[in-house]
1. Looking only at the stretch 72-84, filter to residues that are surrounded by fewer than 21 Cβ atoms within 10 Å (Cβ to Cβ) and on the phi < 0 side of the Ramachandran plot; which one of those is nearest to the chain's Cα centre (by Cα)?
2. Among Lys3, Lys43, which is assigned to a loop (DSSP other than H, G, I, E, B), open to solvent by 90 Å² or more (accessible area, probe 1.4 Å) and either of a type in the set (D, E, K, R) or modelled with pLDDT of 95 or more (or both)?
3. One residue is enough: does the stretch 21-37 have a residue meeting the conditions over 14 Å from the mean Cα position of the chain (by Cα), open to solvent by 50 Å² or more (accessible area, probe 1.4 Å) and more than 22 Å from Arg102 (Cα to Cα)?
4. Looking at the stretch 1-29, which of its residues are acidic (Asp, Glu) and within 23 Å of Leu85 (Cβ to Cβ)?
5. If I ask for residues that are exposed (fewer than 15 other Cβ atoms within 10 Å of the Cβ) and assigned to a loop (DSSP other than H, G, I, E, B), which ones from the stretch 96-115 would you list?
6. Quick check on this structure: which one of Val48, Val63 is assigned to a loop (DSSP other than H, G, I, E, B) and either farther than 14 Å from Val111 by Cα or touching a Phe, Trp or Tyr at 6+ places or on another chain (Cβ under 8 Å) (or both)?
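The values are calculated or read from the model by the stated rules, or taken from the named source; none is laboratory data. In this text the structure is predicted, and so the values were computed from the model without any measurement. Note: ideal-geometry Cβ built from the backbone for every residue, glycine included; neighbour counts use all protein chains shown. Side chains included, ligands, DNA and RNA excluded: accessible areas come from the protein's heavy atoms. Shrake-Rupley method; radii C 1.70, N 1.55, O 1.52, S 1.80 Å.
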Amino acid sequence: QVKLVESGGGLVQPGGSLRLSCEASGEIFTNARMGWYRQAPGKLRDFVASISSGTGGWYADSVKGRFTISRDNARNTVYLQMNSLTPEDTAVYYCNYQDGLRTAWGQGTQVTVSS
């Protein structure tokens, strides 16, 4: 069983930055892919970014150049640095874990971009 706990969401003004963290616990495979999805009100959950050990990140076109995903395997933690935020980035952000056998989701953290 894998448990994911997100943190770092909040309210930020347009143009601002936030860093989300997701700590995984339980039986973690170091070659698992971890990433972030988001869901805005009334919309489907969309892919944001993901990363696997030893590789770079993959990003949705809407966040390329603004968001950076990183991973600390020693801490079983994945981060999402979000810069140049716009109101369109407002959503609940969910951490995701996939290792080919299991998929896990965090409880979500709210990000609101508003002046």
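1. Tyr79
2. After ruling out the rest, the residue left standing is Lys43.
3. So far as the stretch 21-37 goes, no, none of its residues is over 14 Å from the mean Cα position of the chain (by Cα), open to solvent by 50 Å² or more (accessible area, probe 1.4 Å) and more than 22 Å from Arg102 (Cα to Cα).
4. Those that are acidic (Asp, Glu) and within 23 Å of Leu85 (Cβ to Cβ): Glu6, Glu23.
5. Gly100, Leu101, Arg102, Gln107, Ser114, Ser115
6. Val63
Rundown of residues vs (1) more than 16 Å from Leu4 (Cα to Cα); (2) touching a strand residue (DSSP E or B) at 6+ places or on another chain (Cβ under 6 Å); (3) aliphatic (A, V, I, L, M); (4) outside any strand (DSSP E or B), yes/no style:
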site: Met34; (1), (2), (3), (4): no, yes, yes, no
site: Gly54; (1), (2), (3), (4): yes, no, no, yes
site: Thr68; (1), (2), (3), (4): yes, yes, no, no
site: Leu80; (1), (2), (3), (4): no, yes, yes, no
site: Tyr94; (1), (2), (3), (4): no, yes, no, no
